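Read through the structure below, which is laid out as structure tokens, and then see the notes.
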Amino acid sequence: MDFSTYLQKHPDNNGYFGPYGGGKEYLPAELQPIFEEIDEAYRTICHSAKFISELRRIRREFQGRPTPVYHCERLSQKIGGCQIYLKREDLNHTGAHKLNHCMGEGLLAKYLGKKKIIAETGAGQHGVALATAAAYFGLECDIYMGEIDIAKQAPNVTRMKMLGARVVSVSHGQKMLKEAVDAAFEAYLKSYKDTIYCIGSALGPHPFPMMVRDFQYVIGEEARAQYKEMTGFLPEAVVACVGGGSNSIGMFSAFLNDPVDLYGAEPLGRGTKLGENAASMTYGTDGVLHGFKSKILQDENGQLAEAYSIASGLDYQGVGPEHAYLHDLGRVKYETVSDLEAVDAFFKLSRYEGIIPALESSHALAYAMRYAREHRTGSILACLSGRGDKDVDYVAEHYGYGDEFAFKD
């Protein structure tokens, strides 16, 4: 397939990437005109020089973009001859890639005249980013978060509250990300006239998968130019972690038409059985969840399965529809990474490079390390989607301080 015009043609006017995506037909009737309004507004302002100029100014002056590409020289030497590079989204303001689309969504909310933004969060990075955007634009902000994730990600909960957001604990079901999305959608149904829902990943009803991809495209756009300036070449491979898929779709999109292998690192968690992982691309089947069609973790009767990952930002039962489509096209390969592999990568990057990564990002790094061991030559560029401040207490409590991981290979 020729990918030179891919971004202009996907999704189609109904929000589909091949057979995946959509939204209108999966939404409650009262929400359909609201999402049409969001779609129309976005398609208008995304071509507005004023909007684009303002977003670029925000990224430069407030977010601190561009973030750098960094060569992990010591880690590469420890692993083998293949060179590992990182796109440092952990250095983006608030510590992760999430602010890239949250500032865009906040700007859209102001354009629509909304007074409040509402969202879900798993690891808390989306919640922190959205609370930051709300403070910047002078908007009210409600963040829904599963009770289990609130306990795991206490530092981010504190940050959200300090930024002025109202954090709503969700205590039903698994008390994790899926339930937080459910609760946020229910609240949105009651307040959509003055509120905009700002989804946390490249999923949900159209136009959110398209919007989030477009706002996150800056990751891959910068990384491609920076890597080529550093080395004179393109990397042999690019990898990013995939839960819902926001950082990865932003990273991959800029390389789609290049002779570069693309890999999505999914959370294998504790194993291959349903309920032990959140690898919806590897173990999921076609289904509908939260207003879009994609690959969903479900049993043979179509009942939604439990999702699990050590990384709260990855423990979701579905994946963004564009990822499902790119998988079917064979353009992106999706590989699984276990909890222990991610923890090993977490400690190795900390000890050898002085960078503490988020557990989500550690999945991408773990695959980059696996690739480096297998190939020995060449290079791989990984998206380090966030920093690990939020994870250090949890990791120390369950895995100690890393000596048994960092010095074993």
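Overview of values
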item	result
Single unsatisfied condition, Glu186 versus (1) open to solvent by 40 Å² or more (accessible area, probe 1.4 Å); (2) modelled with pLDDT under 90; (3) outside any helix (DSSP H, G or I); (4) not aliphatic (A, V, I, L, M)	(3)
Cβ-Cβ under 6 Å pairs, at least 6 apart or on other chains, region 173-198 side of a type in the set (Val, Ile, Thr), far side modelled with pLDDT of 85 or more and open to solvent by less than 20 Å² (accessible area, probe 1.4 Å)	Val181/Glu120; Thr195/Ile118; Ile196/Ala109; Ile196/Ile117
Close pairs (8 angstrom Cβ cut-off, 6 or more residues apart or separate chains): farther than 11 Å from Gly104 by Cβ in region 126-139, of a type in the set (Phe, Trp, Tyr) and assigned to a helix (DSSP H, G or I) anywhere	Tyr136/Phe62
Residue in region 144-159 that is touching a Ser or Thr at 6+ places or on another chain (Cβ under 8 Å), in a loop (DSSP other than H, G, I, E, B) and over 23 Å from Phe51 (Cα atoms) present	yes
Complete set of residues in region 54-72 that are open to solvent by less than 70 Å² (accessible area, probe 1.4 Å) and over 30 Å from Ala368 (Cα atoms)	Glu54, Leu55, Ile58, Phe62
Residue within region 8-17 that is farther than 25 Å from Tyr352 by Cβ, open to solvent by 60 Å² or more (accessible area, probe 1.4 Å), touching a residue at least 12 places away in the same chain (Cβ under 8 Å) and part of a helix (DSSP H, G or I) present	no
Close pairs (8 angstrom Cβ cut-off, 6 or more residues apart or separate chains): closer than 16 Å to Gly113 by Cα and at pLDDT 90 or above in region 36-50, open to solvent by less than 70 Å² (accessible area, probe 1.4 Å) and in a loop (DSSP other than H, G, I, E, B) anywhere	Ile38/Pro207; Asp39/Gly15; Asp39/His206; Asp39/Pro207; Tyr42/Pro207
Of all residues making up region 147-180, the number that are over 25 Å from Ala396 (Cβ atoms), in contact with a Cys (Cβ under 9 Å, 6 or more places away or on another chain) and open to solvent by less than 30 Å² (accessible area, probe 1.4 Å)	1
Pair list, Cβ < 9 Å and 6+ apart or interchain, from region 56-72 residues that are within 22 Å of Met230 (Cβ to Cβ) and among the small types (Gly, Ala, Ser) to residues that are modelled with pLDDT of 95 or more and not in a helix (DSSP H, G or I)	Gly64/Asn92; Gly64/His93
Residue under evaluation Ile84, criteria (1) touching a residue at least 40 places away in the same chain (Cβ under 8 Å); (2) surrounded by fewer than 24 Cβ atoms within 10 Å (Cβ to Cβ); (3) not in a helix (DSSP H, G or I), criterion not met	(2)
Residue in region 198-205 that is modelled with pLDDT of 90 or more, closer than 23 Å to Ser312 by Cα and in a helix (DSSP H, G or I) present	no
Positions within region 18-53 being out of contact with any Leu (no Cβ under 8 Å at 6 or more places or on another chain), open to solvent by less than 70 Å² (accessible area, probe 1.4 Å), under 22 Å from Gly291 (Cβ atoms) and of a type in the set (A, V, I, L, M, F, W, C), in sequence order	Leu27, Ile34, Cys46
Checklist (1) touching a residue at least 40 places away in the same chain (Cβ under 8 Å); (2) out of contact with any Ser or Thr (no Cβ under 8 Å at 6 or more places or on another chain); (3) not in a helix (DSSP H, G or I) applied to Leu107, failing item	(3)
Exclusive hit being at pLDDT 95 or above and farther than 25 Å from Arg213 by Cα, set Asp328, Asp344	Asp344
Contacts under 7 angstrom Cβ, first residue in region 234-246 being open to solvent by 10 Å² or more (accessible area, probe 1.4 Å), partner at pLDDT 95 or above and acidic (Asp, Glu), 6 or more apart	Leu234/Asp258; Glu236/Asp261
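This table checks each residue for (1) open to solvent by 40 Å² or more (accessible area, probe 1.4 Å); (2) among the hydrophobic types (A, V, I, L, M, F, W, C); (3) within 15 Å of the chain's Cα centre (by Cα).
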residue	(1), (2), (3)
Ser280	no, no, yes
Tyr283	yes, no, no
Leu304	yes, yes, no
Val337	no, yes, no
Ala345	no, yes, no
Gly354	yes, no, no
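The values are calculated or read from the model by the stated rules, or taken from the named source; none is laboratory data. Because the structure is predicted, anything quoted here is derived from the model rather than measured. Heads up, the Cβs are rebuilt from the backbone with ideal geometry, glycines too, and the neighbour counts pull from every protein chain shown. Only protein heavy atoms, including side chains, enter the accessible area calculation; ligands, DNA and RNA are left aside. Shrake-Rupley method; radii C 1.70, N 1.55, O 1.52, S 1.80 Å.
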